[in-house]
Amino acid sequence: MSSRRYGPLHGIWAVANRELIKWYKVPFIMGISLVQPVLWLALFGKAMNLGNLFTSSSLQIPGLDLPSQVIDELGRDIMLRVFGVTDYFSFLAAGMLSFIVLFMSMNSGMSLIWDRRLGVLNKLLTTPVPRSNLVIGKSVASVIKSLAQASVVLLVAVLLGMRFRAGLSALDFLGTYLALFLLSMGLSSLFLLLALRSTSWESQMMIMNLVNMPLLFTSNSFYPLQMMPWWLRDVAVFNPITYSNEAIRGLLLGVPGVNLYLDFAYLAAFAALFTGLLALMARWMLSR
Amino acid sequence: MPEGSAAIVARGLTKVYGRLVAVDHVDLDVGEGEVFALLGPNGAGKTTTVGMLTTLLRPTEGTAIVGGYDVVREPDMVRRVIGVVPQEYTADEDLSGWENLMFMASLYGIPRDEARRRAAELLEMVELSRFARVKVESYSGGMRRRLELAMGLINSPRILFLDEPTLGLDVQTRAAIWSYIRRLKDEYGMTILFTTHYMEEADLYATRIAIMDRGRIVKVGTPRELKDSIGGDVVTLNVDNMAAAKEVLRSAGIDAREYDGSLVFKLRDASTALPEILRALMGSGIQVRRMEVSEPTMDEVYLEYTGRRLRDAQASSEEAFALRATLRRARS
């Protein structure tokens with residue numbers, strides 16, 4: 001037995017696979033976690049149809065007799081300038097992809113806390129799986145779940161009327177998934193990092209609830225950077241969600257002025273930083 | 001002394017938590033193929049010792065070689081050759097017994113085909129084949145223990161660590177678990193180190209026992225040696241002439257006392273020494289009507305070396321176990 005060789009990635013898939021088996025055995029949880037983003041999409045996205053604000057039907061200024069054509073044109077122009085697309089729904093839908101990824105990835109730490117509480121972790125720590133791979137495996141599982149859920153959200157968005165840019169190619173989808181993958185890897189690792197020493201799922205839940213909304217609202221998920229006050233914009237430029245949103249909007253919706261190199265570089269750095277930190281910290285924080 | 005080469009060697013193994021010395025300079029020599037027991041009450045440092053030997057805890061001081069590898073410098077090598085059955089139930093409740101075993105196998109990088117064969121074989125051995133596809137959450141305590149045993153054996157370890165393998169189980173289930181362990185031992189010839197606070201278990205199943213108390217090993221030996229070490233077997237004789245018999249015994253260097261109409265004395269190595277004593281008594285014309293030889297119990301051994309009875313410590317650990325079980329349930 002001792003002659004068996006182990007590669008540097010030994011155990012990552014084994015650990016991830018266990019999480020995934022547990023996940024797809026309970027479709028109920030899968031469904032539950034989709035409720036929030038789909039509600040945002042269907043209710044908020046459809047009701048807050050900003051594009052409608054700037055059409056001849058809502059812009060009726062007494063005494064000012066502009067032809068409706070001009071107003072519609074003006075409206076489109078405003079939408080394009082602010083959002084980069086003419087319909088807000090598509091803008092929001094792209095943002096919801098990062099939202100579901102955030103939502104799912106945050107849960108990554110919980111399974112580690114349960115494993116610790118129930119003694120499973122002690123068992124895992126006596127197997128030849130390196131400490132770093134034990135946690136990275138959990139991160140990987142979290143990423144796969146996130147991407148699966150994001151696919152469902154994307155499908156729902158398309159069914160509800162999300163419109164892609166003209167000349168869309170498979171490469172754009174590939175890029176979208178790459179952006180979501182990097183975002184999810186970074187977030188999953190971050191939340192696992194917070195759970196490395198914890199035995200309290202209550203405090204982990206608190207952290208999750210605490211950072212959930214701020215992370216979302218300090219990004220460009222709901223509104224573009226240009227609309228933000230300067231102080232919020234200064235925060236938003238550090239938020240990785242801002243970068244994944246921008247990349248995805250550039251790729252899928254054709255929003256102009258997107259610097260894809262910057263977006264992917266930032267996301268890659270974010271993912272690498274926290275995955276690296278997680279692997280490093282696991283080495284000594286999991287051993288006592 | 002150890003048979004064959006050493007499977008576990010520890011020298012001055014120490015673990016300190018703040019100001020609490022949990023394990024205090026423990027020396028161990030466990031030979032290949034031995035069944036070695038760490039006997040002691042809750043808080044004696046047994047689990048901490050096992051934790052260090054299984055690379056879970058980093059020793060504050062001292063060294064340990066397990067399966068030929070240093071637990072601090074080559075922990076990954078140690079992990080390959082050991083199997084661990086911890087005190088807690090570590091199987092994933094949301095998965096079936098089969099899935100748990102396959103998961104463990106994948107952690108050891110065992111190829112799928114081999115893992116399937118091995119899992120089926122182990123489930124058969126611990127008589128869980130019928131429940132292989134059932135979720136662990138509906139297993140009884142005894143079934144869980146058996147599954148834990150199978151999980152600890154998935155990698156065909158050379159050295160198996162069992163931390164309180166029968167804690168919280170009823171008497172019949174405990175006996176059943178031990179019959180599995182013995183069968184596994186016969187079949188695979190592995191070295192086994194187990195901790196227990198049940199003296200009968202240590203007495204019945206261990207080739208050697210180390211008595212632990214307050215972080216220290218106070219005495220090591222075979223069950224026989226330990227019992228002999230406190231002065232041999234207890235002999236009770238019923239004779240017709242008590243005073244004359246006492247005199248004969250005294251000349252043989254035995255100090256007997258009268259108790260309840262009989263003569264009672266401790267005798268080292270009674271099975272060979274007693275016939276001679278009987279011959280001496282009969283030679284002096286004394287009639288021996290009845291004779292009884294009883295071994296000292298491990299409880300007496302424990303009392304001798306720690307100044308306490310183990311029974312007192314038992315209740316608290318059962319309580320702790322029940323508490324943990326309740327906590328688990330709170331999860332769902």
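Think of each Lys and Arg Cβ as +1 and each Asp and Glu Cβ as -1; about the Cα centre, that makes the dipole of the protein assembly as shown roughly 800 debye. When only the Cβ of Lys, Arg, Asp and Glu is charged (+1, +1, -1, -1), the dipole of the stretch B:92-231 relative to its Cα centre reaches about 280 debye. Sorting B:Arg73, B:Arg19, A:Arg197 by solvent-accessible area of protein heavy atoms yields B:Arg19, B:Arg73, A:Arg197, largest first, with a 1.4 Å probe. Between B:Asp94, B:Asp113, B:Asp29, the residue with the greatest mean-square fluctuation in the GNM of chain B (Cα pairs under 10 Å linked by springs) is B:Asp113.
Candidates A:Ser105, A:Pro130, A:Leu160 compared by Cα position along the dipole of chain A: farthest toward the positive end lies A:Pro130, with charges placed on Cβ. In the complete set of protein chains, residue-level accessible area for A:Ile144 is approximately 70 Å², probe 1.4 angstrom. Summed over the residues of the stretch B:6-227 and divided among them, the accessible surface reaches 36 Å² per residue at a probe radius of 1.4 Å.
To put it simply, the accessible area of the stretch B:1-129 at a 1.4 Å probe is 50 percent carbon and sulfur.
Between B:Ala6 and B:Glu32, the built amide H atoms are under 5 Å apart, and every one of these is 5 or more places off in sequence or on another chain.
Checked against a 25 Å cut-off, the cross-linked pairs A:Lys145/B:Lys135; A:Lys22/B:Lys185; A:Lys123/B:Lys15 give Cα-Cα distances beyond that limit for A:Lys22/B:Lys185. B:Thr60 sits with roughly 80 Å² accessible to a 1.4 Å probe, with DNA, RNA and ligands left out of the calculation.
For B:Ala206, no residue 5 or more places off, or on another chain, has a built amide H under 5 Å of its own.
Residues in the stretch B:261-270 carry Karplus couplings, in order, of x, 10, 9, 10, 8, 8, 9, 6, 6, 4 Hz; the curve used is 6.51 cos²θ - 1.76 cosθ + 1.60 with θ = phi - 60°, and Gly or Pro positions show x. Taking the C-alpha atoms only, the angle from helix A:201-217 to the longest principal axis of chain A is near 30 degrees.
Each DSSP beta bridge with both residues in chain B is either parallel or antiparallel, and the antiparallel ones are about 65%.
Spacing of the modelled spin labels on B:Ile230 and B:Val16, each 7 Å from Cα toward Cβ, amounts to 3.4 nm.
Rounded to the nearest whole Å³, what is the per residue volume of the convex hull around the Cα atoms of chain B?
Each residue corresponds to 162 Å³ of Cα convex hull volume.
Helical content of chain B, expressed as a calculated mean residue ellipticity at 222 nm, amounts to -12500 deg cm²/dmol (DSSP H runs of 4 or more residues, -39,500 (n - 2.57) each, divided by residue number, nearest 500). For the chain pair B and A, buried accessible area totals roughly 3100 Å², probe 1.4 Å, rounded to the nearest 100. Stokes-Einstein diffusion for the protein assembly as shown, with the hydrodynamic radius set to the Kirkwood value over Cα pairs and evaluated at 37 °C in a medium of 0.692 mPa s, equals 113 µm²/s. Tell me the GluC sites (Glu not before Pro) within the stretch B:1-80 that lie in a loop according to DSSP and have at most 15 other beta-carbon atoms within 10 Å. Within the stretch B:1-80, the qualifying GluC sites (Glu not before Pro) (loop, at most 15 other Cβ atoms within 10 Å) are B:Glu3. In the assembled protein chains, B:Leu204 presents an accessible area of approximately 110 Å² (probe radius 1.4 Å). Solvent-free Debye calculation, one equal scatterer per alpha-carbon of the stretch A:1-153: log10 I(q)/I(0) at 0.15, 0.16 Å⁻¹ equals -0.85, -0.91. Model label sites at A:Asp77 and B:Asp186, defined 7 Å from Cα along the beta-carbon direction, differ in position by 9.4 nm. Give a residue-ordered list of calculated ³J(HN,Hα) values for the stretch B:86-97 (Karplus: 6.51 cos²θ - 1.76 cosθ + 1.60, θ = phi - 60°; whole Hz; x for Gly, Pro). Using θ = phi - 60°, the values come out as x, 5, 6, 7, 10, 5, 6, 5, 7, 10, 7, x Hz. Chain A has equivalent-ellipsoid semi-axes of 42, 18, 17 Å, by the square roots of 5 times the alpha carbon gyration tensor eigenvalues, sorted largest first. Per-residue 3J(HN,Hα) values for the stretch A:247-256, derived from phi via the Karplus relation 6.51 cos²θ - 1.76 cosθ + 1.60 with θ = phi - 60°, read 4, 5, 5, x, 6, 8, 9, x, 4, x Hz in sequence order (x marks Gly and Pro).
Computed from Cα atoms, the angle from the helix A:108-117 axis to the main principal axis of chain A rounds to 30 degrees. Ellipticity at 222 nm from helices only: DSSP H runs of n ≥ 4 in chain A, each -39500 (n - 2.57), divided by the residue count, give -22000 deg cm²/dmol. The A:Leu155 and B:Arg130 beta-carbon pair, evaluated with R₀ = 45 Å, returns a calculated FRET efficiency of approximately 0.60.
In chain B, taking the dipole from charged Cβ atoms about the Cα centre, the farthest positive-side position among B:Ser140, B:Thr49, B:Ser271 is held by B:Ser140. The modelled label-to-label distance for the pair A:Tyr6/B:Val218, using points 7 Å beyond Cα in the direction of Cβ, is 3.9 nm. Accessible area ranking (1.4 Å probe, heavy atoms, ligands and nucleic acids excluded), largest first, for B:Asp163, B:Asp76: B:Asp76, B:Asp163. Computed from point charges on the beta carbon alone (+1 for Lys and Arg, -1 for Asp and Glu), the dipole magnitude for chain B about its Cα centre is near 600 Debye.
Which order do A:Val82, B:Val30 take by accessible area at a 1.4 Å probe, largest first?
A:Val82, B:Val30
In the context of the full set of protein chains, residues of chain A present 46 Å² of accessible surface per residue (probe radius 1.4 Å, heavy atoms only).
The values are calculated or read from the model by the stated rules, or taken from the named source; none is laboratory data. This is a predicted model, so every value here is computed, not measured. Glycine also receives a Cβ, built like all others from the backbone with ideal geometry; neighbour counts cover every protein chain displayed. The accessibility values were calculated without ligands, DNA or RNA, using every heavy atom of the protein model including side chains. Shrake-Rupley method; radii C 1.70, N 1.55, O 1.52, S 1.80 Å.
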